[in-house]
Structures are given as structure tokens and as C-alpha cells.
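Since the structure comes first, as C-alpha cells, the remarks are kept for the end.
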Amino acid sequence: MSTSSKHRLDTVWAYFLDLYARPGVKETCLDWQDRLGADVILLLWLLRLGAEDGLAVDDVSLRRVDERMKEWRMSAILPIRDARRATGKLAKAGDRDASSLYPRLKRVELAAERMALRRLLLEDGVAGQRLPGQLAATANLERYLGTLAEGLAAEERTAIARLVSAAEAG
């Protein structure tokens with residue numbers, strides 16, 4: 001990885017961590033992850049791509065990127081997450097070994113998600129329409145969530161607006 005690529009990864013990762021810590025962002029992302037099967041790194045990337053770059057990705061680009069992410073998500077991130085969650089339950093029940101393992105699994109899961117971001121940043125040829133940031137970010141999230149669920153409920157649209165506002169607040 002070149003120095004400029006590493007700097008870009010570090011910059012975008014810092015943006016993600018900052019955005020994720022803003023009120024309501026973590027809760028919304030985790031709700032969509034658990035309820036709809038959303039990829040949080042892809043969600044944050046689409047949000048940033050719209051809010052910061054004004055790019056509303058087209059359907060072909062979104063499908064290609066999601067498919068590329070799916071392989072890593074299924075083979076690495078989800079098994080690590082499942083192990084972390086199972087270990088967390090044991091830790092809460094008082095298992096000392098699980099209590100020791102849980103934070104390490106959490107770090108490994110974050111490292112795997114950072115690798116997912118790296119894959120996204122290497123993605124060439126993401127096409128779409130240039131729009132004002134708020135419109136592009138909204139369009140990206142609506143398009144992605146639309147691939148996960150039939151139709152967007154009012155609560156999803158409200159949550160999208162909340163995430164776009166959080167992205168703009170930074």
C-alpha cells in the first residue's frame with residue numbers, strides 16, 4: 001500500500017470513527033445491520049461518498065461494490081462478529097476466559113472492518129450522478145437500503161435524514 005493510499009485510508013477511517021460516534025449514528029447503523037443485514041462500512045462509505053464528494057452512486061456501481069464486499073463480509077467479518085457476540089454473552093454470565101477474549105475479538109473485528117474499507121477505497125470506476133451532498137448521501141442510503149428491504153418505511157427515511165444531518169454536522 002502506498003503512503004498516499006495509507007494516508008487516505010487513515011483519513012477516511014478517522015472520519016468513520018468520528019461519524020459513528022455522533023448521536024444516533026451507531027444505533028441506526030447497528031439496527032440496520034441486525035434487522036436488514038446492512039454492511040456498516042458500506043453504509044458509512046456511501047454516506048461519506050454522498051455528503052463529502054456529492055456522488056450518488058448508480059445501481060450498477062452499488063451492486064458491484066456490494067458484491068465485492070460480500071465475500072469479505074461473509075468469510076471474515078461475520079464469523080468474527082458471531083464469535084465476539086457469543087463470547088460477550090459468556091463474559092456477561094461470568095466466564096473469565098470469555099471476559100479476557102471479548103476485547104481482543106472486538107479489536108480483530110474492527111481490524112477486519114478496516115480491511116473492508118481498504119477494499120472499498122481501492123474500488124475503481126464508481127459511477128453515478130453529481131448532486132449536492134445532502135441529496136447524494138440520501139440517494140445513496142435509500143438505494144442501498146432498498147436493496148435490503150422491500151420499500152422504505154417512514155422510520156427508515158427518518159433515520160436516513162438523521163444520518164445525513166450527522167454527516168453534515170462534521
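The values are calculated or read from the model by the stated rules, or taken from the named source; none is laboratory data. Since the model is a prediction, treat every value here as computed from it, not as a measurement. Glycine gets a Cβ as well: all are built from the backbone with ideal geometry, and neighbour counts include every protein chain shown.
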How many residues does segment 48-67 hold that are over 15 Å from residue 131 (Cβ atoms) and touching an Asp or Glu at 6+ places or on another chain (Cβ under 9 Å)? 3
Failed item in (1) in contact (Cβ under 8 Å) with a residue 40 or more places away in the chain; (2) over 27 Å from residue 129 (Cα atoms); (3) not hydroxyl-bearing (Ser, Thr, Tyr), with residue 45 passing the rest: (2)
Are any of the residues in segment 75-84 at positive phi and touching a residue at least 12 places away in the same chain (Cβ under 8 Å)? no
Could you go through segment 69-82 and let me know if any residue there is over 17 Å from residue 39 (Cα atoms) and more than 16 Å from the chain's Cα centre (by Cα). no
Which count do you get for residues in segment 103-122 that are over 24 Å from residue 166 (Cα atoms), in contact with a Lys or Arg (Cβ under 7 Å, 6 or more places away or on another chain) and at pLDDT below 95? 1
What number of residues in segment 66-95 are touching a helix residue (DSSP H, G or I) at 6+ places or on another chain (Cβ under 7 Å), over 12 Å from residue 113 (Cα atoms) and either at pLDDT below 95 or not aliphatic (A, V, I, L, M) (or both)? 5
Filter result for the condition that a residue is under 26 Å from residue 136 (Cα atoms) and either part of a helix (DSSP H, G or I) or in contact (Cβ under 8 Å) with a residue 60 or more places away in the chain (or both), over 97, 34: 34
Positions within segment 134-160 being in contact (Cβ under 8 Å) with a residue 40 or more places away in the chain, surrounded by fewer than 19 Cβ atoms within 10 Å (Cβ to Cβ) and among the small types (Gly, Ala, Ser), in sequence order: 149
